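The values are calculated or read from the model by the stated rules, or taken from the named source; none is laboratory data. Since the model is a prediction, treat every value here as computed from it, not as a measurement. Note: ideal-geometry Cβ built from the backbone for every residue, glycine included; neighbour counts use all protein chains shown. With ligands, DNA and RNA removed, areas are computed over all heavy atoms of the protein, side chains included. Shrake-Rupley method; radii C 1.70, N 1.55, O 1.52, S 1.80 Å.
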Amino acid sequence: TRRKSEVALSFVTVLGRLIGRHGNRVGAVLFGAGGPGGVDAVVPARGGRSHLLQIVQKVLTAVASPARDAAGGTQLAELLRVAGHVVRQRSTVFVVSDFISEPGWEAGLGALARRHDVVAVRLFDPLEIELPDAGLLPVRDAETGEQLWIDTSDRGFRQRFARIAAQREAQLRETLARCGVNTLELSTDDDLAEAVTRFLDLR
């Protein structure tokens, strides 16, 4: 969703400044804005404030792109494949995603983690986990673009939704752990400063 995209932009900006402050080089592989889930841009790792601003501008362009909303399923596996070829020297790699993707990305993430120090920054919206009682709501499938109406006043529906969401959450956490990556969960409701503090504690 756009809320997750905006949180991702803020987090990447703060993270880039923290990393670059100590003279580290920063690069990026961006995907999902210019077409049906493919890789849009590869920014080689360099240092300096102007280089970081270039990355932030590219992320901002991706977030604001109308093509992002119209795009089909995210091909996270392709992003990870490209990252594996681009990042040659052992590095710390941050995979910032909601991990709602076409299947098959697990092998790529595991392969990346065997060569690099990988942190999965997992974005999520609390509404994806538990729905409020708000009557009829229009929802759009982030991967197919299909829109439909759901009746959130139906308590049974909300309970089924929460149960399925909890199962999906557990499976995702298990998959990330199996891939051998550290995970930082970042909610759209999080205070960014607290999220960065959690990240520093994690590292």
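Structure summary
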{"quantity": "Residue-span extension gain [Q54 to L200] - 0.36 nm each, minus C-alpha spacing", "calculated": "50.1 nm"}
{"quantity": "For I150, distant residues with modelled amide H under 5 Å away", "calculated": "L137, V139"}
{"quantity": "Tail weight of P(r) past 19 Å, computed on alpha-carbon pairs of region 86-203, percent", "calculated": "57 percent"}
{"quantity": "Cα gyration tensor of the chain - equivalent ellipsoid semi-axes, whole Å, descending", "calculated": "30, 18, 17"}
{"quantity": "Residue among G145, G16, G27 with the largest mean-square fluctuation in a Gaussian network model of the chain, springs linking Cα atoms under 10 Å", "calculated": "G145"}
{"quantity": "Span per principal axis, largest first, for the Cα atoms of region 135-203 (Å)", "calculated": "42, 28, 25"}
{"quantity": "Helix 2-20 axis, angle to the chain major axis (alpha carbon atoms, nearest 10°)", "calculated": "20 degrees"}
{"quantity": "Net charge of neighbours whose Cβ lies under 13 Å from the Cβ of R163, counting Lys and Arg as +1 and Asp and Glu as -1", "calculated": "+2"}
{"quantity": "Percent accessible area from carbon and sulfur atoms, the chain, protein chains only, probe 1.4 Å", "calculated": "53 percent"}
{"quantity": "I129 paired with A170, simple spin-label distance in nm, labels 7 Å along Cα-to-beta-carbon", "calculated": "1.5 nm"}
{"quantity": "Distance between region 11-30 and region 97-164 - C-alpha centres, whole angstrom", "calculated": "27 Å"}
{"quantity": "Stokes-Einstein translational diffusion, region 75-132 - Kirkwood Rh over all Cα pairs, 1.567 mPa s, 4 °C, in µm²/s", "calculated": "105 µm²/s"}
{"quantity": "Accessible surface, the chain, averaged per residue in Å² (probe 1.4 Å)", "calculated": "56 Å²"}
{"quantity": "Share, in percent, of DSSP beta bridges within the chain that are antiparallel, nearest 5", "calculated": "45 percent"}
